[in-house]
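Data first, discussion second: the structure below is written as structure tokens.
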Amino acid sequence: MWANPAAAAIDALTLGGRYDGAQANINFRVYSSRATRIEVWIYKTASGAQEKVKYVMTKDAGTNVWSKTVSVATLQATYGITGPVYYGYRAWGPNWPYNSGWAKGTGTGFLSDVDGSGNRFNPNKLLLDPYAREVSQDMVTPSCADGTLYASGATHRNKDSGACAPKGIVLAADTQSTGTKPTRAFKDDVVYEVHVRGLTKNDSSVASALRGTYAGAAAKASYLAGLGITAVEFLPVQETQNDTNDVDPNSDSGDNYWGYSTLAFFAPDRRYASDKTAGGPTREFKAMVKAFHDAGLKVYIDVVYNHTGEGGAWGGTDGLTVYNVQSFRGLDNPTYYSLTSNFQYPWDNTGVGGNYNTHNPTAQNLIVDSLAYWRNTLGVDGFRFDLASVLGNTCEHGCFNFDKMDSGNALNRIVNELPPRPAGGGSGPDLIAEPWAIGGNSYQVGGFPTGWAEWNGKFRDALRKAQNKLGVDVVTTGELASRFAGSSDLYGDDGRKPWHSVNFMVAHDGFTLRDLYAYNSKVNNRAWPYGPSDGGEDNNNSWDQGGDAYAQRRAVRTGLAFMMLSGGVPMITGGDEMLRSVNGNNNPYNLDSSANWLNWALDTNATNQKTFATRLIAFRKAHPALRPANFYSSVDNNGNVMEQLRWFKPDGGVADAAYFNSSSNHAIVWRLDGSEFGDSASALYVGYNGWSGQVNFTLPWPGAGKSWYRVTDTATWNDGANTFAVPGSEAFIGGEGTVYGIEARSLLLLIAK
Ligand code: CA
């Protein structure tokens, strides 16, 4: 059996601060190839107090690992550290050599904030261990509100950050189980993207002390299983600056609700734990995972390895000279970050700070090691990678070049060392890329390597335009057919499968599904709690449907049907099953507010929508023809006619190239032969009328002795509590040649029986 030799290398350097087996000693190990001295500083108190003791570390020249073994008995007896052990590092290097006269808060030894090699050592800054398993608190908290403590530059470099700085916590092993991981094939998943805090912060059915926490989310496992989704994908849960969210609701600056700015890649965010003691977030996260596993659901987490929470330049006389020195930057700046060719500035393809140096083997180690920790120890089933094109970069400094063929890029290394789940199911993470970034050749929808599923941005864009931009943008029926059938043009050419296409209409980043069809443009400047939010995409392919509330709900139903009836893996965003709205805000990243948390007080329309979504998802799960393992084919490998899928024009004729390519056609039909998939239905029919008026559709052959029955019609006349038929109650429509008028902008789903 093939074994991956590289897998044995995961976490080979055993970095971090760890107890030995008997918990008699703590081994501190940190990487730096450029430091000339590193000390580990140990604290009894998480924040607001000075260190109890410090030790000089020793460098191993072969690995560039600095280490120190510390006796637990000594920490307890001599220094009174009887509770959790908090720690950080102080490092010196070529731009700031060690001087025995240095003391906290002084510039003794200082040469420069940055030297010609990109070193940014500063011993006044307590550095967070990149391998910290938990973090004591955020950088800025209500009791430590001065963010300039972490900064370099003339004004800030001598400020000592030790008392306020986030510290690593040495964790003892716990016994919390994460349950049994589902082994379901990814092709059979339905993904639900949601914020762990937003899921329950506003949910009165959850105990008040648990709302907005991992434990609160765990309480929603049965609801989510009942909705039918099979994988919950949490927005980032790795430690980020969020403790001060909402401290001043009147200010929109600095708040970080979404959390796409990671401070520590191993640490579950303490803010989302109801148990905030040392080890509490880890245990509570694992218990949440177990609750989801017990309900048969996978847990995915959104991971942000393209940049870090240390950020980019934020001040100075030229705006480019002040940087936070908080962790990676102060340990080994050129190893952990991609820099400009003169090593003075970050290279940036994210818009939110310097690129993480994803082509550096040591920086890659942290990616792989942390993913393995979340998979193995914390029980996670898959990952969604933010701005993942940065992980395909093959240039460390002075340029950016995405190259999927480079065996040494981070994307291929992840696949090699954490082999993804096999096509038919089993163990291994599901790997999902957001296949773009900013600038260079970073837009790579369809361009990722083997092993990677992608957020299919072309599915989103084409189908939004089809629904909302009639007469403005051309979307051919050929384009629609490609998207409905799993985008073989994007994923078939390199041997990938339909399920490598994650089909979505909206994500956290942009309008909610309801708002996509209720606003012509973003409205981000509202007063709290609906805003204000800066930024936000200007080109949303959105439309308010002329202000017609019935048409808006029709559009939501149609958009949901697009996702659930297409080949690929559908992803909905939390609350879209119940008409979630953020009143037109398309970039509410900063709104840790009641308006942005899911609203569980459903009105009649929201209740009806939830019923529709639940039945639609159940229909997908009941019909394997909708979840193809391979691209739909008309012939098999032996040349036998299969006719798994056939495309028709509304008049019942077979759609040909001329029909597909004409920009004047807006209606398309596909018929799936259920017998090809072991489906309980002999045939399924989907008709979409994207035109502005009703179109008559002549139904094709339903199969010998069969007739067509209506499962749903998303039309406005079918608004209400029973828009989607439960199995067995589908309405009789007729046989081959029956003419059915499909309302404007509506979708008809029929089943043959
Ligand atoms: Ca935090």
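The values are calculated or read from the model by the stated rules, or taken from the named source; none is laboratory data. Quick caveat: nothing in here was measured; it's all calculated off a predicted structure. Cβ sites come from the backbone with ideal geometry, for glycine too, and all protein chains shown count toward neighbours. Just the protein is used for accessible areas: all its heavy atoms, side chains included, with ligands, DNA and RNA removed. Shrake-Rupley method; radii C 1.70, N 1.55, O 1.52, S 1.80 Å.
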Mind giving me the FRET efficiency for ASN158 and ILE10? R0 is 41 Å, r the Cβ-Cβ distance, nearest 0.05 is fine. 0.55
Which whole DSSP H helices in the chain pass both tests: a Cα extent of 20 Å or more along the axis and a mean Kyte-Doolittle value no lower than -0.5? 361-376, 549-565, 604-622
What is the ratio of the Cα radius of gyration of region 538-622 to 2.2 N^0.38 Å, with N the residue count, to two decimals? 1.16
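Provide the packing ranking of 320-328, 731-739, i.e. peptides ordered by the mean count of other C-beta atoms within 10 Å per residue, highest first.
By packing density, highest mean first, the sequence is 320-328, 731-739.
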For region 693-753, evaluate the Debye formula with one uniform point scatterer on each Cα (no solvent term) and list log10 I(q)/I(0) at q = 0.12, 0.13, 0.21, 0.29 Å⁻¹, rounded to two decimals. -0.28, -0.33, -0.83, -1.26
Could you work out the equivalent-ellipsoid semi-axes for region 71-133, taking the square root of 5 times each eigenvalue of the Cα gyration tensor, largest first, in whole Å? 29, 15, 8
D for region 190-331, whole µm²/s, Stokes-Einstein with Kirkwood Rh over alpha-carbon pairs at 10 °C and 1.306 mPa s: what number? 97
If the label point is 7 Å along Cα→Cβ of VAL352, which residues in region 402-436 have backbone nitrogen under 18 Å from it? 432-436
Express the carbon and sulfur contribution to the solvent-accessible surface of the chain as a percent, rounded to the nearest whole number, probe 1.4 angstrom. 50
Phi angles of region 348-360, converted by Karplus (6.51 cos²θ - 1.76 cosθ + 1.60, θ = phi - 60°) into ³J(HN,Hα) in whole Hz with x for Gly and Pro, give 10, 10, 10, x, 10, x, x, 4, 5, 7, 6, 9, 7
Mean separation of Cα contacts under 8 Å (6+ apart) over length of the chain, as relative contact order %: 10
Which semi-axis lengths, in whole Å and largest first, follow from the square roots of five times the eigenvalues of the Cα gyration tensor of region 287-426? 31, 18, 12
Express the relative contact order of region 286-375 as a whole percentage, based on alpha carbon pairs under 8 Å and six or more residues apart in sequence. 23
Along its three principal axes, how long is region 492-603 when you only count alpha carbons? Whole Å, largest extent first please. 49, 30, 28
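Between THR58 and ASN416, what FRET efficiency comes out of the Förster formula 1/(1 + (r/R0)^6) with R0 = 22 Å and r the beta carbon distance, rounded to 0.05?
It comes to 0.10.
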Over the Cα atoms, compute the radius of gyration (one decimal) and Dmax (the largest Cα-Cα distance, rounded to a whole number) for region 1-139, in Å. 16.6, 60
If you roll a 1.4 Å probe over the heavy atoms of the protein chains, what accessible area per residue do you get for region 194-307, in Å²? 25
Just to be sure I understand: if I project the alpha-carbon convex hull of region 125-217 onto a plane and average over all orientations, what area do I get in nm²? 10.4
Amide H neighbours of HIS307 under 5 Å, counting only residues 5+ apart in sequence or on other chains, H built in-plane at 1.01 Å? TYR356
Quarter of the Cα convex hull surface for region 234-306, i.e. its orientation-mean projected area (nm²): 5.7
Quick one: net charge around ASP509, please, counting Lys, Arg +1 and Asp, Glu -1 for every other residue with C-beta under 9 Å from its C-beta. -2
Can you pull the one-decimal nm distance between simple spin-label points at THR698 and MET405, each 7 Å off the Cα toward Cβ? 5.0
Place a label point 7 angstrom from the Cα of ALA103 along the Cα-to-Cβ direction, then list the residues of region 157-190 whose backbone nitrogen is under 17 Å away. 158-163
Whole-number percent relative contact order across region 391-485, with pairs defined as alpha carbons under 8 Å at least 6 apart: 18
Check cross-link reach from LYS44 to the lysines: straight Cα distance under 30 Å, and skip same-chain residues fewer than eight apart. LYS52, LYS54, LYS59, LYS68, LYS104, LYS125, LYS159, LYS167, LYS276, LYS286
In region 236-384, what % of DSSP beta bridges are antiparallel (nearest 5)? 65
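Can you tell me the dipole magnitude for region 582-731 around its Cα centre, using point charges on the Cβ only (Lys, Arg +1; Asp, Glu -1), in Debye to the nearest 20?
Here the size comes out at about 160 debye.
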Let me check the size of region 636-734 from its C-alpha atoms; what are the radius of gyration and Dmax in Å? 15.1, 48
Using only the Cα atoms of region 368-442, each taken as one equal point scatterer with no solvent, compute I(q) by the Debye sum, divide by I(0), and report log10 of the ratio at q = 0.13, 0.14, 0.22 Å⁻¹. -0.42, -0.48, -1.01
Beyond 11 Å, what percent of the Cα pairs of region 479-519 remain? 68
State the volume of the convex hull built on the alpha-carbon positions of region 414-478, expressed per residue in Å³ and rounded to an integer. 136
R0 = 56 Å: FRET efficiency of SER208 with LEU320, Cβ-based, nearest 0.05? 0.75
Please report, in cubic angstrom per residue, the volume enclosed by the convex hull of the alpha-carbon atoms of the chain. 159
Hey, can you grab everything whose amide H is under 5 Å from the amide H of ASN25? Only 5+ residues off in sequence or another chain; H modelled, so Pro and N-termini drop out. ASP20, VAL72
Please report the net charge: other residues with Cβ closer than 13 Å to the Cβ of SER47, K and R +1, D and E -1. 0
Answer in debye to the nearest 20: the dipole magnitude of the chain about its Cα centre, from +1 Lys/Arg and -1 Asp/Glu charges placed on Cβ, is 1260
Hey, could you grab the Kirkwood Rh for region 172-269? Inverse mean 1/r over distinct alpha carbon pairs, Å, one decimal. 15.5
Can you tell me what share of the DSSP beta bridges in the chain is antiparallel? A percent to the nearest 5 is fine. 75
Given H placed 1.01 Å from N in the peptide plane, which residues other than close sequence neighbours of VAL711 have an amide H under 5 Å from its amide H? LEU749, LEU750, ILE751
Under a Cβ-Cβ cut-off of 9 Å, what is the net charge of the residues other than ALA423 that fall near it, where Lys and Arg count +1 and Asp and Glu count -1? +3
What lysines could a cross-link reach from LYS458, if we take a straight Cα to Cα line under 22 Å and drop same-chain neighbours fewer than 8 places away? LYS187, LYS404, LYS469, LYS497, LYS522
Tabulate in residue order the Karplus-calculated ³J(HN,Hα) for region 26-33, using 6.51 cos²θ - 1.76 cosθ + 1.60 with θ = phi - 60°, rounded to whole Hz; enter x for Gly and Pro. 10, 9, 9, 9, 9, 8, 7, 8
Can you tell me the Rg and the Dmax, both Å, for the Cα atoms in region 29-93? 12.7, 37
Under the Karplus relation with 6.51, -1.76 and 1.60 and θ = phi - 60°, whole-Hz ³J(HN,Hα) for region 207-215, x at Gly and Pro, equal 3, 4, 5, 9, 4, x, 10, 4, 5
So what is the accessible area of region 34-142 per residue, in Å², with the probe set to 1.4 Å? 36
Need one number for region 131-182: average projected area of the convex hull over its C-alpha atoms, nm². 6.2
Projected onto the charge dipole of the chain (+1 at Lys/Arg Cβ, -1 at Asp/Glu Cβ, origin at the Cα centre), which of ALA295, LEU463, THR74 gives the Cα projection farthest towards the positive end? THR74
